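The values are calculated or read from the model by the stated rules, or taken from the named source; none is laboratory data. If you're wondering where the values come from, they're calculated on a predicted model, not measured in any experiment. Ideal geometry is used to build each Cβ from the backbone, glycine not excepted, and the neighbour counts take in all protein chains shown.
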Amino acid sequence: MIYSFLGFLTLFTLIGLSSAWSSRGTKRDYYLASGDVHPWLVGLSAVATNNSGYMFIGVIGYTYTTGLASIWLMIGWIFGDFLASTFAHRRLRKATESTDEVSYAGVLSHWNGQSFTTLQRLIGVISLIFLLTYAAAQLVAGGKALHVLLEWPQWSGAVVGALMVAFYCIAGGIRASIWTDAAQSIVMIFAMGALVVVATMQLGGLTGAIDQMNTIDGFMDWLPKDLVVSGLAGGALFIVSWIFAGLSVIGQPHIMIRFMSLNSNKNMVQAKLWYYLYFTLFYSLATCVGLLARIYLSDTGSFDAELALPTMAQQLLPPAMVGLILAGIFAATMSTADSLALSCSAALTHDILPHNIEKPWMLKVATIVIVGTALLFALSNNQSVFSMVIMAWSGLASAFVPLLITLCFGANPSQKACVIAMLAGFTTALMWRYLGLQNMAYEGLPGIICGCLILYGFHLYHEKTG
């Protein structure tokens with residue numbers, strides 16, 4: 001097991017390091033791979049970044065606990081993601097080219113030819129805070145996997161992941177991240193697929209697996225039991241809120257930077273085709289693993305649900321395949337952690353601090369500092385991976401999605417309007433979580449709506465006083 005795991009880690013590291021041969025030594029290359037990435041690489045990299053430790057650890061744990069009702073997370077998330085892509089991806093890529101900016105914050109703050117410095121710094125600060133939380137969640141996920149499969153202390157997995165991410169990111173920047181993402185995505189899909197096939201066959205096939213799931217009280221219900229609002233209304237709110245979670249993808253700088261790096265806007269359809277085919281397949285497999293795990297690991301009282309995947313793999317697979325599963329989990333955490341580290345580095349050196357410090361060595365130092373900070377967050381964490389990721393995801397979405405939607409549909413809001421909408425949006429999301437309302441609806445839903453309403457109100461006021 002340990003040899004196959006180490007073999008895959010070595011492969012990922014070598015791929016990341018090899019990207020240094022294609023590096024052009026500029027900040028645009030470090031942050032955006034010079035905007036010449038092929039569509040298949042964009043698609044696989046974006047989906048590997050999206051399908052992080054959250055998918056291997058968080059979603060499988062949630063499905064293990066909730067049952068069939070978790071399928072609405074997948075349906076809502078992918079539908080909302082696709083809905084957002086119909087108007088955002090191509091326009092964002094075009095704005096990246098016209099503004100000649102290298103960061104997500106830079107493009108949003110220069111979208112209509114203006115230079116909103118305050119807005120850019122605010123986007124950078126918010127990105128830095130939430131992306132660091134997100135990166136810490138990935139390192140926590142890796143630590144959990146190593147703890148179960150290799151019996152290492154949980155902190156050790158976080159340290160190993162952080163060192164590897166820092167190592168190849170400083171070698172090739174985002175190009176290293178994209179290249180390793182593509183390789184990691186292949187390992188991820190094989191790891192998850194292999195476990196689903198073996199687990200299903202040992203239960204007598206699909207029919208046998210479903211029959212055993214039906215024996216678990218409430219496990220095959222179509223809606224969760226813990227809905228705050230009962231009945232169809234509560235179910236509809238639950239589903240709609242996860243559509244908003246999918247829509248939130250356009251507020252995630254570490255994912256959208258992939259589409260910004262595409263070599264041509266003409267290839268956007270190809271990139272999206274790779275992205276959505278792989279995304280649907282992988283999310284389906286993750287949901288299946290979560291459902292099957294409940295049969296094999298029935299002790300829900302003392303068992304950490306977020307350890308379902310590595311624990312089940314250890315029970316069902318030979319050592320070499322367990323190593324593949326572990327490599328898949330680590331691949332998922334690293335494919336997101338490296339993206340988050342680079343996005344944080346861009347937020348710090350390009351968006352928050354003066355641009356004249358953007359020397360090549362400074363960019364790499366910033367990346368090391370960011371990875372180190374994320375590691376400290378991970379080592380001091382006591383939340384679940386699922387909770388950490390949703391909090392970061394919703395915070396970023398509530399701040400940035402309303403602004404990006406407004407810009408994509410041709411509006412030209414003032415800097416004041418943008419700042420107020422962003423602050424109100426993510427404050428609403430945080431308050432929603434603080435009040436414990438996330439069981440009623442994903443906190444990004446009220447946050448995004450709040451930001452959109454404020455920007456629309458400013459638009460109406462401008463038209464009236466115009």
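Can you find, within segment 170-221, the residue that is nearest to S52 (Cα to Cα) among those that are of a type in the set (S, T, Y) and modelled with pLDDT of 90 or more?
T200
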**Request:** Could you tell me whether segment 266-289 includes any residue that is hydrophobic (A, V, I, L, M, F, W, C), outside any helix (DSSP H, G or I) and more than 30 Å from L375 (Cα to Cα)?
**Result:** no
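Looking at S115, S109, S85, S98, which is the one that is over 18 Å from the mean Cα position of the chain (by Cα), crowded, with 20+ Cβ neighbours inside 10 Å, under 26 Å from G173 (Cβ atoms) and of a type in the set (S, T, Y)?
Values: S115 fails: crowded, with 20+ Cβ neighbours inside 10 Å; S85 fails: over 18 Å from the mean Cα position of the chain (by Cα); S98 fails: crowded, with 20+ Cβ neighbours inside 10 Å.
Of S115, S109, S85, S98, the one residue that is over 18 Å from the mean Cα position of the chain (by Cα), crowded, with 20+ Cβ neighbours inside 10 Å, under 26 Å from G173 (Cβ atoms) and of a type in the set (S, T, Y) is S109.
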**Message:** Cβ contacts < 9 Å: first residue within 20 Å of G35 (Cβ to Cβ), restricted to segment 263-286; second residue among the acidic types (D, E) and buried (at least 17 other Cβ atoms within 10 Å of the Cβ), any location; separation 6+ or different chain. Result?
**Reply:** Y275/D81
**Prompt:** Considering only residues of segment 413-423 that are crowded, with 19+ Cβ neighbours inside 10 Å and among the aliphatic types (A, V, I, L, M), which is nearest to the chain's Cα centre (by Cα)?
**Reply:** M422
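Considering segment 436-461 alone, what residues qualify as being part of a helix (DSSP H, G or I) and hydroxyl-bearing (S, T, Y)? Steps first, answer last, please.
Step one: list which residues in segment 436-461 are part of a helix (DSSP H, G or I), which gives 437-439, 444-461.
Passing the criteria: Y456, Y461.
Only helices (runs of 4 or more DSSP H) wholly contained in segment 13-131 count here; list those with 1 or more residues that are touching a Leu at 6+ places or on another chain (Cβ under 9 Å) and under 30 Å from C418 (Cα atoms). Can you show your working first?
Numbers: elements: 27-32, 39-50, 60-66, 71-85, 89-99, 104-109.
Hits in segment 13-131: 27-32, 39-50, 71-85, 89-99, 104-109.
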**Prompt:** Can you name the residue in segment 288-328 that is within 18 Å of S4 (Cβ to Cβ) and among the small types (G, A, S) and is also modelled with the highest pLDDT among such residues?
**Reply:** A313
**Message:** Any residue at all in segment 202-216 that's crowded, with 17+ Cβ neighbours inside 10 Å, under 22 Å from R90 (Cα atoms) and not charged (D, E, K, R)?
**Reply:** no
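What about A341, is it more than 24 Å from Q138 (Cα to Cα) and either within 22 Å of the chain's Cα centre (by Cα) or surrounded by 24 or more Cβ atoms within 10 Å (Cβ to Cβ) (or both)? If you could, list the steps in order and put the result at the bottom.
Working: more than 24 Å from Q138 (Cα to Cα): no; either within 22 Å of the chain's Cα centre (by Cα) or surrounded by 24 or more Cβ atoms within 10 Å (Cβ to Cβ) (or both): yes.
So A341 does not fit the description; no.
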**Prompt:** When segment 22-70 is examined, which residues are found to be modelled with pLDDT under 85, of a type in the set (S, T, Y) and surrounded by fewer than 24 Cβ atoms within 10 Å (Cβ to Cβ)?
**Reply:** S22, S23, T26
**Request:** Look at G410 and say whether it is under 27 Å from W242 (Cα atoms) and either crowded, with 17+ Cβ neighbours inside 10 Å or at pLDDT 95 or above (or both).
**Result:** no
**Candidates A337, A331 - the one that is under 30 Å from I257 (Cβ atoms), of a type in the set (A, V, I, L, M), at pLDDT below 80 and outside any loop (DSSP other than H, G, I, E, B)** = A331
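Looking at L404, is it crowded, with 18+ Cβ neighbours inside 10 Å, touching a residue at least 60 places away in the same chain (Cβ under 8 Å) and either in a helix (DSSP H, G or I) or touching a His at 6+ places or on another chain (Cβ under 8 Å) (or both)?
Details: crowded, with 18+ Cβ neighbours inside 10 Å: yes; touching a residue at least 60 places away in the same chain (Cβ under 8 Å): yes; either in a helix (DSSP H, G or I) or touching a His at 6+ places or on another chain (Cβ under 8 Å) (or both): yes.
Yes, satisfied.
If you scan segment 19-37, which residues turn out to be aliphatic (A, V, I, L, M) and out of contact with any Ser or Thr (no Cβ under 8 Å at 6 or more places or on another chain)? Give the steps one after another, and end with the answer.
Residues of segment 19-37 that are aliphatic (A, V, I, L, M), as a first pass: 20, 32-33, 37.
Scanning segment 19-37 gives a single hit, A20.
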